[in-house]
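Notes to accompany the following structure.
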Amino acid sequence: MVVYRRVNNETTKISISSEELVPGDMFEVKQSEQLPCDAILIEGQCLIDEAALTGESVPMHKTQLPATNADFSESEKGHILYSGTKCLTSERIEDPSQPAIAMVYQTGFNTTKGLLIRAIMFNNPGQYQFEKDGNRFLLYLIGMSICFIIAYYIIAYTDEEKP
């Protein structure tokens, strides 16, 4: 993967593995390619198949982040490309023959897909209130049945005959 990385205030073009991506790297979003990280679309527009995350069969149109937007927030989903999704089309606004450019936002388990996988693998099984109430009721029934069994044996096996 070809990446544009800032080193010593200079942007250099290097070829690295997608596993070596770090937030801040910029790369070209190529058509028919699965995205290796969460990224912010900096220049251009893309049509993204997000079925791997959302299950929706309709591709999502992503546009570049406006230059006037000084404060970026994750709520602007129209500019974020998610890890594990597939790019169907990619083009720059000025030159449609060139692929769009995106900046790495999150990698690994910090991506949306990574958080989903982490939630599945390491879920925190909580006990629900219904389950707690059901367990208390079951203990109450067991206690009552033991009391009735003791009362039955006392009544059945005590000698009532008096001389």
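Every number in this text was worked out from the coordinates using simple rules, so none of it is lab data. Everything quoted here is computed from the prediction, not taken from an experiment. All Cβ positions, even for glycine, are placed from backbone atoms using ideal geometry, and neighbour counts span all protein chains on display.
Positive end of the dipole of the chain (Cβ unit charges, origin at the Cα centre): among Cys87, Ala39, His61, the Cα lying farthest that way belongs to Ala39.
Magnitude of the charge dipole for region 1-154, about its Cα centre and with charges confined to Cβ atoms of Lys, Arg (+1) and Asp, Glu (-1), is about 580 debye. Computed on the Cα trace of region 1-134, the radius of gyration divided by the Kirkwood hydrodynamic radius gives Rg/Rh = 1.09.
Computed on region 1-76, the Cα convex hull volume stands at 123 Å³ per residue.
Taking the highest mean first, how do the peptides 87-95, 17-25 order by number of other beta carbon atoms within 10 angstrom per residue?
Working: 87-95: 15.8, 17-25: 13.6.
So the peptides 87-95, 17-25, ranked by packing, come out 87-95, 17-25.
Between 0 and 90 degrees, the angle of helix 112-121 with respect to the longest Cα principal axis of the chain falls at about 20 degrees. With loop membership from DSSP and a limit of 10 other Cβ atoms within 10 Å, the longest segment of the chain without chymotrypsin sites (Phe, Trp or Tyr not before Pro) is 1-121.
Dividing the alpha-carbon radius of gyration of region 103-163 by the rule-of-thumb value 2.2 N^0.38 Å gives 2.67. To test your reading of the geometry: what angle, between 0 and 90 degrees and rounded to tens, separates the Cα axis of helix 129-157 from the longest principal axis of the chain? For 129-157 against the chain, the angle is about 10 degrees. Think of each Lys and Arg Cβ as +1 and each Asp and Glu Cβ as -1; about the Cα centre, that makes the dipole of region 76-156 roughly 280 debye.
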